[in-house]
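Q: Quick one: this structure, given as structure tokens, is what I'll be asking you about.
The values are calculated or read from the model by the stated rules, or taken from the named source; none is laboratory data. Computed from a predicted model, the values in this text were never measured in an experiment. Cβ atoms come from the backbone with ideal geometry, glycine included; neighbour counts cover every protein chain shown.
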Amino acid sequence: MVRHHPASPRVNTGTVDLTHAAVITRSTPPRSCCALRPSAPARATCQVSQSPDDRIDHTVCMRPSPQVPVWANVHLTHARLQALADEAGVDILHIKGPTDAALRIARHDSTDADVLVRPEHVGRFLDALDATGWSLTADFDEGSPFGHAANLTHADWAMVDVHRSFPGIGIPPEDAFALLWADRQTLDIAHRPVGVLAPCAQVLIQVLHVARSHGADKPETWANAGEQLRADARALAKRLHAEVPFAAGVGELEAHRASSDYDLWRHWSRSEDNRLTAWTVRLRSTAGLRARLGVIVKALRVNRAYLRQQLGHEPNRREVLREQGRRLGNAMLSLFALVKSLLQPERRQEGGSSAKG
């Protein structure tokens, strides 16, 4: 199992030559993940962004280095992840970041490396990462309300998001991965062949990402896609039972008002981001009593990963209790504000009726 560590990773020294680094990634990589290191010792910085519904939007851990720009480290990290996957016999698909660059007009430099792992291989892949120096920042339950990705950091490599599923896809994760894997293509990243999504799947994934960005991102790959590619992406969304979030991502959500998932994706795709609303729509869209109880428990529970990042150390009992009290207090304030907003129209209507009388 991957271990939790404080926010500031260790710092190593060494020298990186990007030309030779590319050659290293082509050949059989060393067992240690520390083969490539930045040349000047500098304090690594980690910044965590969290939304009101307690997902960790992103964690950026990087060490300033003129020798290794962030984008280059991300490319090298993709290559290293592929090497680890090959060694461990794990099937992974590289998603977002440099994998969909051909579908974008403007340059898009990622600060982390995203991979989708065959669900049956997730445990094995996490073990391989742990054995080579990666540390767990947030597990699947802590990193996102959808429970889809774990976040890991390393002293030398870029941040990694290990996906076991992707939010918005409605069929079982095992079936979704098999479908995407069957149509995969190969792309050289840092001179190493890696498996990437087919173009229509790249468009789909970016659109689904936009659908839960609260309006912060735009469906760039969709805007740049031709008519046939758009048709293929729509067809794939249907096969994956992702029609509603896909519609939210491309601005067509109103065509699905009758769907049980309409409120959920309306919340995620709009700029408004309210804690109580987020958990309410999740509860409404969750089927089954046991699953709904799980949503309630998660809504009330302290996100230890976020608290750990805020404090810079593993939180003790007192710190967790303090955060729990703050969390419950915020929930009560949100509930009070909701009740007040619901009552105000009635009060205005009563006031108007009195004036007429």
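Q: Out of all the residues in the stretch 82-100, which are under 17 Å from the mean Cα position of the chain (by Cα) and among the hydrophobic types (A, V, I, L, M, F, W, C)?
A: Scanning the stretch 82-100 gives Ile92, Leu93, Ile95.
Q: A further question on this structure: Only one of (1) assigned by TED's automatic domain parsing to the domain that holds Ala176; (2) surrounded by fewer than 19 Cβ atoms within 10 Å (Cβ to Cβ) fails for Asn224. Which number is that?
A: Among (1) assigned by TED's automatic domain parsing to the domain that holds Ala176; (2) surrounded by fewer than 19 Cβ atoms within 10 Å (Cβ to Cβ), the lone unmet condition for Asn224 is (1).
Q: Same structure, new question: Counting only residues that are in contact with a strand residue (DSSP E or B) (Cβ under 9 Å, 6 or more places away or on another chain) and either under 18 Å from Arg124 (Cα atoms) or free of Cβ contacts under 8 Å to residues at least 40 places away in the same chain (or both), how many does the stretch 158-172 have?
A: So the count comes out to 6.
Q: Moving on to the next point. If only one of Ala237, Ala248, Ala233 is surrounded by 22 or more Cβ atoms within 10 Å (Cβ to Cβ), touching a residue at least 24 places away in the same chain (Cβ under 8 Å) and closer than 14 Å to Gly170 by Cα, which one is it?
A: Ala237
Q: Which residue, of Ala131, Ala149, Ala155, is assigned by TED's automatic domain parsing to the domain that holds Gln82, aliphatic (A, V, I, L, M) and touching a residue at least 40 places away in the same chain (Cβ under 8 Å)?
A: Among Ala131, Ala149, Ala155, only Ala155 is assigned by TED's automatic domain parsing to the domain that holds Gln82, aliphatic (A, V, I, L, M) and touching a residue at least 40 places away in the same chain (Cβ under 8 Å).
Q: Can you list the helices (runs of 4 or more DSSP H) lying wholly within the stretch 198-301 that have 2 or more residues being among the hydroxyl-bearing types (Ser, Thr, Tyr) and at pLDDT 85 or above?
A: 262-269
Q: Does at least one position in the stretch 179-195 carry a residue that is in a helix (DSSP H, G or I), without any contact (Cβ under 8 Å) to a residue 24 or more places away in the chain and in the same structural domain as Asp130 (by TED's automatic domain parsing)?
A: yes
Q: Which of the residues that make up the stretch 124-157 are closer than 20 Å to Val70 by Cα, small (Gly, Ala, Ser) and modelled with pLDDT under 95?
A: If the condition is that a residue be closer than 20 Å to Val70 by Cα, small (Gly, Ala, Ser) and modelled with pLDDT under 95, then Ser135, Ala155 are the ones that fit.
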